[in-house]
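The block underneath contains the structure these notes are about, expressed in C-alpha cells.
The values are calculated or read from the model by the stated rules, or taken from the named source; none is laboratory data. Bear in mind that the values here come from a model prediction, so they are computed numbers and not experimental data. Note that we place each Cβ from the backbone using ideal geometry, even for glycine, and neighbour counts take in every protein chain shown. Just so you know, the surface numbers come from the protein's heavy atoms only, side chains and all, with ligands and any DNA or RNA stripped out. Shrake-Rupley method; radii C 1.70, N 1.55, O 1.52, S 1.80 Å.
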Amino acid sequence: MESNHILNPPNKNLNQLVLAILSKCNHLNHLKQLQSFLTVLGHSQTQFYVFKLLRFSILKISNLSYARYVFDHVCFPNIYLYTAMVTAYASKLDYLSAFEFYRNMVRRGHPKPNQFIFPPVLKSYQTTQLVHAQIAKWGFVQYPVVQTALVDSYSRASFDIGVARQLFDEMSEKNVVSWNAMISGYTRVGQVGNAISLFDQMPERDVPSWNAVIAGCTQNGLFSEAISLFRKMMQHRHNRPNQVTVVCALPACGHTGMLQLGKSIHGYVYRYSLGFDSFMSNALMDMYGKCGSLKEAKRVFDMTSKKSLTTWNSMINCFALHGHGESAIGIFEEMIQHGEDVRPDEVTFIGLLNACTHGGLVEKGRYYFLMMTQDYGIEPQIEHYGCLIDILGRAGRFEEALEVVRGMKIEPDEVVWGSLFNGCKVHGQIDLAEFAVKKLIEIDPKNAGYGIMLANLYGELGKWDESRMVRKMLKQHNAYKTPGCSWIEIDNKVYQFYSADKTHPRSEEIYKILGALLGLSLRFWYSPYIDCSTQL
C-alpha cells in the first residue's frame, strides 16, 4: 500500500512531495529520478514541475546544460520557463545565448513577454536599442524594473551615458536600485564627479549605493575621495560596510600609504566576521604590500588556506615591489610545486621579472623569460619586454637589450625606451641614451619630461645650442610635464602636495616654515664651529 501511494500520490500532496524530494537532492542522478517519477505520473509537460526542475538544475547543482535539456523537451514552455533560462544564461555572462533565447520566443509568437524577462536580456548592451524598441511596442516602458534595466544597459555603453541619464530623469518612481544603476554607470565611464553629485542627492541609500561610489573612486584613481567616503560610511548607523566595501576601500589605503587605516579595516573584518575568502585576502595582501608592511602581507598569505592564482601573484608582486627578489622567486618556486592546482599566467611573470629587475638577477631574469615562452607558451606582452630590457640595461648589457628590442613582435612603447634610457644614463652610454630619448619624444611629443631629459643630455655633452633649441621647441608646443606629488596623513585626513603647489589654504605658512627649516639646515651644515664629520 505504501509503495502504491508513492507511485500514485493524491494530487493535493504531490506538490509537497516534489518539494520534499528536491530538498534532499544533491546530485544530478537524484534529479533524473525525480523527473522520471513525474513522467510516469503524466506530469512531464506540467509547467509548474518543469520550473522546479529547471531552478534546481540551475541554482542547486549549477548544471545549465541539463536545464536546457529539460527545457527543450517541453512542447509549449510558458513565460516563466523562458525567463528562468534567460536569467540563467545572463548570470553566467553568456549574454548572446540569453538574447537568442529571447529572440526565439519572440519569433515563435508565444508566450507573450512580461516585465521580468527584459532585465536579463538587457545585460547585453549591444542589443539595447533593439530590445528598447520592443519594450515600447509591448507597453512595458513604465514598469520600474524595466526602466532600471534600461538605465543600467545604456550606461554600460560609454557613448550612451547621456541616454541613460535622460531615461533616469524621466522615471516617475525612482527606487534605490535605479539610483545605484545610474551611479555605477557614471563611474564606469570615469565621470566620478557626476556619480558623487548623484550620490549626494539620493533620498535614501543602501550598502550597494556606498559600494558603487567608493569602488568608482578607487577604480578611477581618486583614492583620497574613496577613503573619505568610507569614513563617512563608518559613521552611518544603518549602512555598515560589508565585504565588498572593504575590498573596494583597501586598494585606496594601499595607494595612499595609509597603513594605520588599512590595519583598522583589517581589525573591522575580524570584529564583524566579514569572511576571509580569496578576494579579501588578496586585497589585504595588496594593501600591506603597497604600504611596505611585508611581514603582515606574508602573514595574510600564510593564513589563506585555499590560495588562488591571484593570491600567489599578489605575494610575488609584494616582494618584487620592495626589491626582495629572492623572496619573490621563493614564492614562485613554492607555487610551481603545487602542480596542476595553479598555473602561472602573464601576471605571474611580470611580478617575477620585476623581482629580477630590482634584485639585479640578470641570468634568472633571462631564464624566467624563456620559461614563460617555452614551458608555458605565454606570448610576451610589452610589460614582459620592458622588464627584460630593464634588467639588461641596468647590468650594462646593451647589445643584448637591443637584440631583444629588435626581436619584439610588438611596437616598443615608452616603458621599453624609458628602461633602455635609464640603463644608458647609469652606464654613461650617451649616444644610445640620445637615441632612446628621441624615440620617447616620437611616441609622446607633448610630454615635456622627455624633452627636458634630452635637453639635459645635450647639456652633459656640452651641446648648449641643441639644448636651447629643445627647450624652445617645448615652449612652442605647449608641452606638459606631469608634476611630482606627495601626500601626508594628519588627523585621519590625507593632504596632497604637488611640485610648486599653492592650492592648499595654508600654503603661505607652509612655504614660510619650509624656508625657515632650509635656512636652519644651511646654517647648521656650513657653520665653521661644527665639524660635520662628527654629525654623520
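In degrees from 0 to 90, rounded to the nearest 10, what is the angle of the helix 430-443 Cα long axis to the longest principal axis of the chain? Rounded to the nearest ten degrees, it is 40. Taking a ≥ b ≥ c as the square roots of the eigenvalues of the alpha-carbon gyration tensor, the chain is classed prolate because a/c is 1.5 or more and a/b outweighs b/c.
Here the label points at ARG506 and GLN134, each 7 Å from Cα along the C-beta direction, are separated by 6.2 nm in the simple model.
According to the Cα-based calculation, Rg over Rh for region 251-313 is 0.94, with Rh computed by the Kirkwood formula. Counting only heavy atoms of the protein chains and using a 1.4 Å probe, THR310 has close to 80 Å² of accessible surface. Each of GLY462, TYR495, GLY162 was scored by the projection of its Cα onto the charge dipole of the chain, and the greatest displacement toward the positive side belongs to GLY162; charges sit on the C-beta of Lys, Arg, Asp and Glu. The 3J(HN,Hα) values that the Karplus relation (6.51, -1.76, 1.60; θ = phi - 60°) gives for region 182-191 are, in residue order, 5, 4, 4, x, 4, 5, 4, 9, x, 8 Hz. Gly and Pro appear as x.
Per-residue 3J(HN,Hα) values for region 394-401, derived from phi via the Karplus relation 6.51 cos²θ - 1.76 cosθ + 1.60 with θ = phi - 60°, read 5, 8, x, 9, 6, 5, 5, 5 Hz in sequence order (x marks Gly and Pro).
For the pair ILE488 and ASN456 in one chain, pulling the backbone fully straight at 0.36 nm per residue adds 8.4 nm over the alpha carbon distance. The angle between the Cα long axis of helix 79-91 and the longest principal axis of the Cα atoms of the chain comes to about 20 degrees, rounded to the nearest 10. Comparing Cα centroids, region 197-245 and region 271-289 end up 18 angstrom apart.
For TRP210, TRP179, the ranking by accessible surface with the largest value first comes to TRP179, TRP210, using a 1.4 Å probe. Residues LYS92, LYS463 ordered from highest to lowest accessible area at a 1.4 Å probe: LYS92, LYS463.
Computed about its Cα centre, the charge dipole of the chain is approximately 1680 debye, with only Lys, Arg, Asp and Glu carrying charge at their Cβ. Could you list, in their original order, any pairs among LYS52/LYS92; LYS439/LYS472; LYS409/LYS446 whose Cα atoms are separated by more than 28 Å? In this structure, not one pair exceeds 28 Å between Cα atoms.
Ligands, DNA and RNA excluded, the heavy atoms of LYS174 present near 70 Å² of accessible surface to a 1.4 Å solvent probe. In terms of its C-alpha gyration tensor, region 206-314 has a prolate overall shape, because the principal axis ratio a/c (a ≥ b ≥ c, square roots of the eigenvalues) is not below 1.5 and a/b outweighs b/c. Restriction of the trypsin sites (Lys or Arg not before Pro) in region 397-456 to DSSP coil positions whose beta-carbon has at most 11 other beta-carbons within 10 angstrom yields LYS409. What angle do you read, to the nearest 10 degrees and between 0 and 90, between the alpha-carbon axis of helix 278-290 and the longest principal axis of the chain? Roughly 10 degrees, rounded to the nearest 10.
With every protein chain in place and a 1.4 angstrom probe, the accessible-area ranking of ILE21, ILE214, ILE441, largest first, reads ILE21, ILE441, ILE214.
Using the Cα gyration tensor of region 312-379, with a ≥ b ≥ c the square roots of its eigenvalues, what is the shape: rounded (a/c below 1.5), prolate (a/b larger than b/c) or oblate (neither)? Oblate, because a/c is 1.5 or more while a/b does not exceed b/c. Where in region 77-120 does the amide nitrogen come within less than 13 Å of the point 7 Å from the Cα of ARG55, taken along Cα to Cβ? It comes to 80-81, 84-85, nothing else. By a 1.4 Å probe calculation restricted to protein chains, ASP200 has an accessible surface near 100 Å², given to the nearest 10.
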